[in-house]
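Just below is one structure, and these are the notes that go with it.
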Amino acid sequence: MRIVFLGTSGGMPTKKRGLPSIAVRLRSSLLLLDCGEGTQRQFINAGIGTKPSFHIFLTHLHGDHVLGVPGLLFTLSMNGRKQDVHVYGPPNTADFLKAVLRPHLGALTFKTIVNEMEPGDSVKIDNVTVSCFKTDHTAFSLGYVLKEDDRPGRMKTEFLDSLKVPRGPLWGKLQRGTAVEFGGRVITPDEAVEPPRPGRKIVYTGDTRPCESVVENSRGADVLIHDSTFEASLRQKAFEEGHSTAEDAAKNAAKAAVKRLYLFHISPRYEETDSLLIEARSIFPESYIAEDLHSYSVPYP
């Protein structure tokens with residue numbers, strides 16, 4: 001699970017920041033969280049390509065989060081893509097795509113499959129379940145949870161070696177949950193394998209005021225990518241516009257006991273982000289500013 005920040009600004013691009021878009025590379029799929037204008041160029045700058053299994057998840061339908069979709073799709077088409085592209089988003093996503101993919105704008109070489117999501121809906125991609133939850137913005141908006149399947153527990157090597165069970169197929173069966181017979185006795189998985197190890201978890205809030213649904217869905221996350229449009233002195237402005245401050249993001253990260261927080265959707269007013277980072281780290285030390293083209297490989301717990 002590798003995160004690549006393609007665009008980290010909010011509202012409009014700056015010299016340093018493109019509009020919101022985050023790529024998450026899985027085993028054999030690529031997930032894109034929001035798709036601001038210019039995202040296809042950021043793919044080139046980041047040195048990442050798409051995969052046969054390609055999925056776009058939109059948090060809401062404000063222009064800075066979605067107007068990169070037609071450009072990206074037409075670029076994929078010009079490159080001769082044949083595999084379907086799946087687009088997920090809130091209600092009216094299908095109407096949006098119909099409006100920006102009119103036939104006179106050009107034909108695509110692949111099918112675009114639209115899935116309109118409601119809070120609680122989920123989809124399985126590779127070994128990751130992507131589920132959505134309601135956030136608190138000025139428009140209907142979703143946050144997304146990417147949860148990897150739990151991994152099998154480690155083998156109890158000393159126990160198995162003491163029984164002289166040869167490494168190989170018998171060990172494999174035990175790790176897959178099947179009892180085996182060896183040396184005149186039945187060996188159960190509970191005896192031979194430690195409890196499953198938790199999979200990794202990424203949460204992306206999209207645009208949101210601070211709300212309890214973010215905390216509940218982020219509990220124990222390895223990475224939380226949180227709206228941090230303004231600093232605390234502009235809390236009233238943030239609330240009116242449906243956003244969070246860096247302080248709000250840090251408080252949510254602390255409540256949810258996440259491992260790492262990325263401040264995202266940075267207002268163009270901040271050419272320098274030191275004030276945002278200091279504000280967040282005073283509450284949650286493992287806070288970082290999301291920067292365009294920064295990459296982070298999520299480690300196993």
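Observations on the structure shown:
- Any hit, the range 60-70, residues being assigned to a loop (DSSP other than H, G, I, E, B), closer than 30 Å to Arg176 by Cβ and either under 22 Å from the mean Cα position of the chain (by Cα) or aliphatic (A, V, I, L, M) (or both): no
- Positions within the range 257-282 being surrounded by 15 or more Cβ atoms within 10 Å (Cβ to Cβ) and either among the hydrophobic types (A, V, I, L, M, F, W, C) or at positive phi (or both), in sequence order: Val258, Leu261, Leu263, Phe264, His265, Ile266, Leu276, Leu277, Ala280
- Residues that are closer than 26 Å to Arg27 by Cα, more than 18 Å from the chain's Cα centre (by Cα) and either among the acidic types (Asp, Glu) or outside the structural domain of Asp227 (by TED's automatic domain parsing) (or both) are absent from the range 41-54.
- Those strands (runs of 3 or more DSSP E) lying entirely in the range 170-263 with at least 2 residues β-branched (Val, Ile, Thr) and under 27 Å from Pro299 (Cβ atoms): 201-204, 223-227
- For the range 151-169, filtered to residues that are of a type in the set (D, E, K, R) and part of a loop (DSSP other than H, G, I, E, B), the residue that is nearest to the chain's Cα centre (by Cα) is Arg154.
- Within the set Thr93, Thr138, the sole residue that is among the hydroxyl-bearing types (Ser, Thr, Tyr), more than 24 Å from Arg2 (Cα to Cα), in the same structural domain as Ala238 (by TED's automatic domain parsing) and surrounded by fewer than 15 Cβ atoms within 10 Å (Cβ to Cβ) turns out to be Thr138.
- The set of residues from the range 77-111 being touching a helix residue (DSSP H, G or I) at 6+ places or on another chain (Cβ under 8 Å) and either among the β-branched types (Val, Ile, Thr) or under 30 Å from Ser267 (Cα atoms) (or both) comprises Val85, Val87, Gly89, Phe96, Leu97, Val100, Leu101, Thr109.
The values are calculated or read from the model by the stated rules, or taken from the named source; none is laboratory data. In this text the structure is predicted, and so the values were computed from the model without any measurement. FYI the Cβ positions are ideal-geometry reconstructions off the backbone, even for glycines, and counts take in every protein chain you see.
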